[in-house]
Every structure is written in structure tokens, then in C-alpha cells.
1. Test Val118 against the stated conditions and say whether it is of a type in the set (A, V, I, L, M, F, W, C) and in contact with a helix residue (DSSP H, G or I) (Cβ under 6 Å, 6 or more places away or on another chain).
2. Restricting attention to the stretch 106-128, which residues are under 24 Å from the mean Cα position of the chain (by Cα), without any contact (Cβ under 8 Å) to a residue 40 or more places away in the chain and in a helix (DSSP H, G or I)?
3. Take residues that are at pLDDT below 85 and tell me which of the helices (runs of 4 or more DSSP H) falling wholly in the stretch 1-105 contain 2 or more.
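The values are calculated or read from the model by the stated rules, or taken from the named source; none is laboratory data. Since the structure is predicted, the reported quantities are computational estimates derived from the model, not experimental observations. Every residue, glycine among them, receives a Cβ derived from its backbone with ideal geometry; neighbour counts consider all protein chains shown.
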Amino acid sequence: MKRWCIPLLVVLAGCRGQASSDPPIHLFGDMDWQPKFQPEEGTRLFPDGRAMRPIVEGTVAQGALDESEAYRTGKDGETFLAFAPITVDEAVIRRGQDRFNIYCAPCHDQSGSGQGMVVKRGYPPPIDLASERALGLPDGEIFNVITNGVRNMPSYRKQIPVKDRWAIVTWVRVLQHSQHARIDDVPEAQRGNIAKESGTP
């Protein structure tokens, strides 16, 4: 190969993509003209003439297998679960706080008192999550309300995955506990910090 051919090839390759009315030069066309079906394209390969194949019956997306009906519904038969069927750790609590502040705080506000921004603009106030009534709800019923809605509250079944709904339930319990906590609930080594922050002697 002559020496001047190499720079010429480099120049030709670099010209691809420049504004021009001429078709581009394809040195390696295998990636440009690969055999494939476009969306909604037909084919004689299958009896129904569709290139896009329906999902095989029973297919479950990775990570979306619901092995437990109680986990998916918050109920054991017709009875609401007393406690969330998940392992609660710091990551779950933080996730619950994050999802609560996104989906729930507009009505319930971040403290759960029911005085969110939309309520201040005329929307009917929701239940105070620290009230005796809310304290008496089992975890499964709170999960069910998030899933299906109740009264003025819409369903969040489509917006919030099951895992995140349980995380929100966990955060609701944290909010409730924060409103009804006693000094005995605080580790003794940290009680001095509370006194300093509150300004009490």
C-alpha cells in the first residue's frame, strides 16, 4: 500500500457525519446495515405476521417476583398484617423518609401532621399520622391505604413499588414514635445532646 493511501483513508473516515447532501461514506457497513426488525414491523417468520413477540405467559421481570401474597397485599387472608414483613434497617428507614417526602408530604407534611402545602391551599386535610387513630392502625392497613387509597387520598399502587410502600410504612412509624417518645427511649449516652438542643438545663 502506498504511503499516501493511509492519510487519505484517515481523512475519509473523519469526514463521516459532516453536513452534506451526499450520502456518507461507509468504510465498515456491518453496523449500519445489520439485519434487524424495527418496532411494529411485520414479518413472515411467524404465523401472526408480527416481528414483536408477546411476552411468554408467566414471565416476571427481574426483581419483581412476588412470592408472598401478604408482602404484596399487606394482608394474611382478610386480616391486616400487624407488622411489616421486611427487615428494618437504616437503609430502609432512609428510603422510607425519602419516598414519604416525595409522595406523602405534599398532603401530610414532613412531620405527618396533615398540614402539607396542598392542604394550605384548600385540599381536605388528611389524618394526623401521630393521632391515636393512626397509632392504632396495623402496618398492613397503612400499606393498604398507600396501595389503594382511601376517601380523598388516591391510590399510589402504580407510582410506588411494593418495597418502597413498606419503607414508607416504616417511616410513618418513626414519625409516630418521634411524637410520642419518652426520654427513656433515648440511649443514656445521648440524652445530654437532646437537653442541649432543646435549651433545657
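1. yes
2. Pro106, His108, Met117, Val118
3. 5-15
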